[in-house]
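Some notes on the structure that comes next.
FYI, it's all coordinate maths here, none of it is from the lab. Since the structure is predicted, the reported quantities are computational estimates derived from the model, not experimental observations. Positions of Cβ are backbone-derived with ideal geometry, glycine not excepted, and every protein chain shown enters the neighbour counts.
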Ligand SMILES: [Zn+2]
């Protein structure tokens, strides 16, 4: 299949998963799980994309692979995120599907947070099957597994006990969810510290999980509980499943139920004594299944968000990244690093460098100079087994587009004029040819270019400065304006702005730069910035001049 794929993590894991499925004689199933308890951020995206790339590799090999996304929407609300009415604290302890939508538009809290993530997955070409854990639990799909766990509660308690580091009362009271590692451990006043039950009911009176099982009968499956809000109740688990298995038991139960052959999880679930280790024992000893092939994935950081306006709160989401990155590029950010390496998604000026790297890779691939592994990473980014993702037909440098967008804002007529001038050999005559990148550059300028870095072109000439020009300065401007339209292109203007100080000194245009010449060029550029945009720096001068057009330049620079 591949000549030299050594070092490609997706190939390596896919090979392991195929071997595991052959050993078991079962289907290929990869799994992701997310608790829709708040905005679903770029770290959570790795929970989906690591299995996605493996599933996609298997599908490219012509194999059937099911990718399930378990929505842990039957988890309790743990805390009210920043920006949401603190009155929602009343709902802490209720299932995420049983808490109202904070904005009032969706059926529930969980639906509110699922929607934007689902849209991002679609834009990224991720094909998977969503499973609502609320539906699974309340429909009774897991009834047999819950009864199995309750009958094996002593065995489960023994396994957990081998890894337990906290006092039992505390540990059993509230297992953290898979992606909610900063959750506070909940205290409950368990009357009998020796009783362990892997199932926690939601209170039938207040619908919170602030419950303690007080009695259980294996034969009748009758369960009694008290609730810390002063309620008490009973239910029969063979009829009514109003509650769920604790996380460390729930996870292996689902490996067995879905026949999961690959899953990845945050590094914090991957250490000795972690949920994965414990789950590996429980799935064998209680549920008669096997643990999946597993890799831990590292953190996803975001650069350049802290500086932004107060309207941007919390960790950025995949939707935020897709506002400024082409979808294949966001896939590339995740696929080009092994899961155990941390990655950073740039929202600051580094985003320009990321685009440059992406364009350089495309050029290397087109020229046959890319390494096999980097070419594979690009393949996996631009298409899936089932779908090609939209690329920008004419990918002009992002930094240039951002500079022009900063100068002309939403003016499409000006934009098209400038873009034509930027591409003299094969002019762009339709802005659609530079989409979606143009829209992404405009969004980046609007959302992430700090106010102090925005370019404000002067409306009027700086008459005071013009009146105080030195004779050499006046001469330099005249030389520039005389030659301005001889070669109206980026290259032509670049040659001109570097050339004027040479002409002034009677040097040939191909004179290599000396320290003295460099100083003269820097002073000339600073003068141009000052007269055009009122500060000593700005976008690259050729881009700036091209964007302004000859008439405006003459107005601002004529002595
Ligand atoms: Zn209650």
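At full extension, residue 431 and residue 457 could sit 7.0 nm farther apart than now, given 0.36 nm per residue minus the alpha carbon distance. With both labels modelled 7 Å from their Cα along Cα-to-Cβ, the residue 413 to residue 158 distance reads 8.3 nm. Tell me the angle of helix 9-24 to the major Cα principal axis of the chain, expressed in degrees between 0 and 90 and rounded to the nearest ten. The helix 9-24 is inclined about 20 degrees to the chain. Give the value in nm², to one decimal: projected area of the alpha carbon convex hull of the chain, averaged over all directions. Orientation-averaged projected area of the Cα hull: 31.8 nm².
The alpha carbon convex hull volume per residue for the range 57-138 rounds to 113 Å³. Annotation: extensible slack from residue 285 through residue 465 equals 56.5 nm (criterion: 0.36 nm per residue apart, minus Cα-Cα distance). Treating each Cα of the range 406-522 as an identical point scatterer and summing with the Debye formula, the log10 of I(q)/I(0) at q = 0.16, 0.22, 0.23 Å⁻¹ comes to -1.03, -1.21, -1.23. If you bin all the Cα-Cα distances of the range 12-119 at 5 Å, starting from zero, the percentages per bin are 2, 12, 19, 18, 13, 10, 10, 8, 6, 3, 0. Scaled to the globular estimate 2.2 N^0.38 Å, the Cα spread of the range 235-301, given as radius of gyration, is 1.25. Compactness ratio for the range 277-392: Cα radius of gyration over 2.2 N^0.38 Å (N = residue count) comes to 1.37. The range 432-463 and the range 341-413 have Cα centres spaced 19 Å apart.
The convex hull around the C-alpha trace of the range 503-546, projected and averaged over every direction, spans 3.5 square nanometres.
Between the range 205-225 and the range 473-543, the C-alpha centres lie 81 angstrom from each other. For the chain, the longest principal axis of the alpha carbon atoms and the long axis of helix 437-448 meet at an angle near 80°.
Ordered by the count of other Cβ atoms within 10 Å of each Cβ, fewest first, 156, 434 give 434, 156. Taking packing as the residue-averaged number of other Cβ atoms within 10 angstrom, the listed peptides 291-298, 37-44, 337-344 run from highest to lowest as 37-44, 291-298, 337-344.
Taking the C-alpha atoms only, the angle from helix 109-123 to the longest principal axis of the chain is near 50 degrees. In the chain, helices alone account for a calculated mean residue ellipticity at 222 nm of -13500 deg cm²/dmol, with every DSSP H run of four or more residues adding -39,500 (n - 2.57). Segment residue 510..residue 85, full-extension length gain: 146.4 nm, with 0.36 nm per residue of separation and the alpha-carbon distance subtracted. Spatial offset of the range 140-155 relative to the range 54-80 amounts to 24 Å, using the alpha carbon center of each. What number do you get for the range 445-497 when its Cα radius of gyration is normalised by 2.2 N^0.38 Å, N = residues? Normalised Cα radius of gyration, the range 445-497: 1.54.
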